[in-house]
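No value in this document is a laboratory result; all are computed from the given coordinates. Everything numeric here is computed off the predicted structure, so don't read it as measured data. Methodologically, a virtual Cβ is constructed for each residue, glycine included, from the backbone with ideal geometry; neighbour enumeration extends over all protein chains shown.
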Amino acid sequence: MSLNKIKRFVFSDFRRQFNFLKLALSYFLKNTKSFGYPAKFMIEPANTCNLNCAACPVGNGEIKKTKGKLTFGDFKKIINEAGPYLYQLTLWNWGEPFLNPEIDRMVKYAVRQGIFVITSTNGHFLEGDWPKKIVLSGLDEIIIALDGLSQETLEKYRRGADFEKVVSGIKRLVEEKRKKASLKPVIQLQFIVMKHNQSELGKLKSFGKEIGVNKIVVKSFGANLDINRFKDFEPDKKYSRYKNRMSVKSFCRQLWFSLNINYDGTAVPCCYDPHEKHILGNVFQEGVKKVWQGEKMLEFRRKLINREKIDICRQCAYNSKISRKI
Ligand code: SF4
Ligand code: SF4
């Protein structure tokens, strides 16, 4: 557990702490029926995107599900039921969160309940009122995906991306924080290492400093389920999650602490299930508790004790250490 997470636990209210201890107990006992509510949600604001990233099933059109957006009313229902137990709300999944015009209302609503809120964007919407709305929402952290230090490198994978637009958007957000004397949101620049951009790693730190981000996270390239189709993007061995899988543990704790909810309420185990192969229920129809304790969830937890047997879990980087902060 990171220092930040420990601090959040120590300074949170008793109900959250007690719930977290119940989850931890369920996890350590490997009890498939969890004793508490989820401590973390990943909620999808929209399943559509303005870019066409090569290996992303949204960007390359492989997700066949109807396009849609989460409504503020449905969002409130989830938070009203489970918010008092939540530590973290991760506000993205498959799609660009800022295509949902109500995202800042959602952030504000969750932040007011003491939940740590983080979102992730391709950075093309940091213009107009957005920088101001983002800072005023109280968002804790924003990840901005920029895996290229020039137009040419960026658009090789992120097809349709506009380098200048992202960089000027980041600068606008930095400036808005300065104007409001706000430390939030922490701006994280995320750089996914691929074959065509690995040579830029050396310049990344000074680039980040120049544009004013708070931190830079370098991640290994992941090709949802099948790396063989996207071999051209795989970086050299030292950055490849597929060639460095020694630290992957068999047991995954994700399902004892966290729940993924898509824009229409469909609950799936985690973000590695873009095609909804393992639907656990629908929180709009059944409520969070019923899904969290439901038979489908229990069955998935049972299977997860040996994750190599589950299709979506085999190439998952969860618990592998090919991700580093610089
Ligand atoms: S920006 Fe994100 S959601 Fe959009 S296509 Fe790229 S990876 Fe997918
Ligand atoms: S895909 Fe990964 S994170 Fe998701 S349940 Fe399987 S092992 Fe856990």
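Values computed for the structure shown
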read-out: Most mobile listed residue (K171, K238, K290) in the chain, GNM with C-alpha springs under 10 Å; value: K238
read-out: Whole-Hz ³J(HN,Hα) from phi, Karplus 6.51 cos²θ - 1.76 cosθ + 1.60, for the range 150-163, glycine and proline x; value: 8, 4, 4, 6, 4, 7, 5, 9, 8, 5, x, 6, 10, 4
read-out: Under 11 Å, Cβ to Cβ, from G287 - net charge with Lys/Arg +1 and Asp/Glu -1; value: +1
read-out: Of K64/K243; K177/K209; K7/K40; K67/K277; K156/K177; K40/K237, pairs whose Cα-Cα distance is over 25 Å; value: K64/K243; K156/K177; K40/K237
read-out: Positive-end extreme of charge dipole, the chain - chosen from I312, L154, N19 (charges on Cβ); value: N19
read-out: Cross-link reach list, aspartates and glutamates versus K77, counting only Cα pairs under 17 Å and skipping chain neighbours closer than eight places; value: E44, E102, D104, D264, E286
read-out: Partners for K309 among aspartates and glutamates (Cα-Cα distance below 18 Å; same-chain residues under 8 apart left out); value: D226, D273, E276, E299
read-out: Residue-by-residue Karplus 3J(HN,Hα) for the range 169-184, coefficients 6.51, -1.76, 1.60, Hz, glycine and proline x; value: x, 4, 5, 5, 5, 4, 5, 5, 4, 5, 4, 8, 6, 10, 7, 10
read-out: For the range 194-206, Karplus couplings with θ = phi - 60° (6.51, -1.76, 1.60), whole Hz, Gly/Pro x; value: 10, 4, 7, 10, 4, 6, 8, 4, x, 8, 5, 5, 5
read-out: 5 angstrom amide H check on R241, placed H, neighbours 5+ away; value: F221
read-out: Length-normalised contact order of the chain in % [C-alpha pairs under 8 Å, at least 6 apart]; value: 19
read-out: Chain lengthening between N282 and D311 when straightened (0.36 nm per residue, less Cα-Cα); value: 8.3 nm
read-out: R15, R158 arranged by Cβ crowding within 10 Å, fewest neighbours leading; value: R15, R158
read-out: Ascending count of other beta-carbon atoms within 10 Å, so fewest first, for E164, E276, E175; value: E164, E175, E276
read-out: All-pairs Cα distance distribution in the chain, expressed in whole percent, bin size 20 Å; value: 31, 62, 7
read-out: Residues whose placed amide H lies under 5 Å from that of K195, excluding near-sequence neighbours; value: E234
read-out: DSSP-defined beta bridges in the chain - what % are antiparallel, rounded to 5; value: 30
read-out: 222 nm mean residue ellipticity, helices alone, for the chain (DSSP H n ≥ 4; -39,500 (n - 2.57); rounded to 500); value: -9500 deg cm²/dmol
read-out: The range 49-201 - Rg over Rh from alpha carbon coordinates, Kirkwood radius; value: 0.98
read-out: Order of L29, L255, L280 under a 10 Å beta carbon neighbour criterion, fewest first; value: L29, L255, L280
